[in-house]
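Chemist: Shown below is the structure under consideration.
Read the figures in this text as sums done on the coordinates, not as results from a lab. On a predicted model such as this, the values are computed, not experimentally measured, just so you know. Note that each Cβ is placed from the backbone with ideal geometry, even for glycine, and that neighbours are counted across all protein chains shown.
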Amino acid sequence: MATKVSLYEVVGALEIASDEMSSFVSKRTGKVVMLSHEAMQRAEEDSKEDLPDWEEEELRLAKDVLDSTDWLELPSKFEVHEWEFMNRFGQSLSAPAQCEEVLDAIHGSGAFRAFKSTIRRLRLEDAWFAFKNSAFEDIARSWLDENGFEANDDRTSPNPSNVSTPSNPRP
């Protein structure tokens, strides 16, 4: 039987992915954790320095992730192309004028800023956030399926604050 993983915890981890953090899923338990690259580096170096309790917890978890074959890394922000989301969103708009404005906004310098300004002006923010969330869900479902997990659609954990971090431990 496949391990169940909260679809919404995976979506949350994908949404808040950054240059400084990586997220992992336990093959055994389905737990989703986010770790700083600094903690991962300290764990690799087997750092023995005195740390506050929350950093000790993060270091212990990072060592577990590095030393075990039980953890799989979620796609990084470099593997999730938000520009492509914006492009697909623009193409999905039924009003030709809106479609053209949104697609024009994502080309050239400052594409993300121009996109946000355009969708705000056109009052498309709610549609954009629904589209973006659906795109993240598609990526999460695909990743879970490709890695042999069962997506748990229970919406009791619908936001990134439910992703376990050392400063936000989850049971």
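Chemist: Explain nothing, just the number: dipole magnitude of region 6-146 about its Cα centre with +1 on each Lys and Arg Cβ and -1 on each Asp and Glu Cβ, in debye rounded to the nearest 20.
Modeler: Dipole magnitude for region 6-146 comes out near 860 debye.
Chemist: Take a quick pass over the chain and tell me how many lysine pairs come in under 20 angstrom between Cα atoms, counting only ones 8 or more apart or on separate chains.
Modeler: 9
Chemist: Moving to a separate point now. Farthest toward the dipole's positive end in region 116-157, which of ILE119, ALA140, ALA130, given Cβ charges of +1 (Lys, Arg) and -1 (Asp, Glu) about the Cα centre?
Modeler: My answer, from the dipole projection, is ILE119.
Chemist: I've got another one for you. Let me have the relative contact order for region 1-73, percent, based on Cα pairs under 8 Å that are six or more residues apart.
Modeler: So the answer I get is 32 percent.
Chemist: Moving on to the next point. With charges set only on the Cβ (+1 for Lys and Arg, -1 for Asp and Glu), what does the dipole of region 82-132 come to about its Cα centre, in debye to the nearest 20?
Modeler: Approximately 180 debye in magnitude.
Chemist: Something else about it: For the peptides 132-141, 23-32, what is the packing order when you average, over each peptide's residues, the other Cβ atoms within 10 Å and list the highest mean first?
Modeler: 23-32, 132-141
Chemist: Given the peptides 107-116, 73-82, arrange them by the average over their residues of other C-beta atoms within 10 Å, most packed first.
Modeler: Descending mean neighbour count gives 73-82, 107-116.
Chemist: Sort 123-129, 10-16, 37-43 by the packing proxy (mean of other Cβ within 10 Å over each peptide's residues), most packed first.
Modeler: For the peptides 123-129, 10-16, 37-43, the packing ranking is 10-16, 37-43, 123-129.
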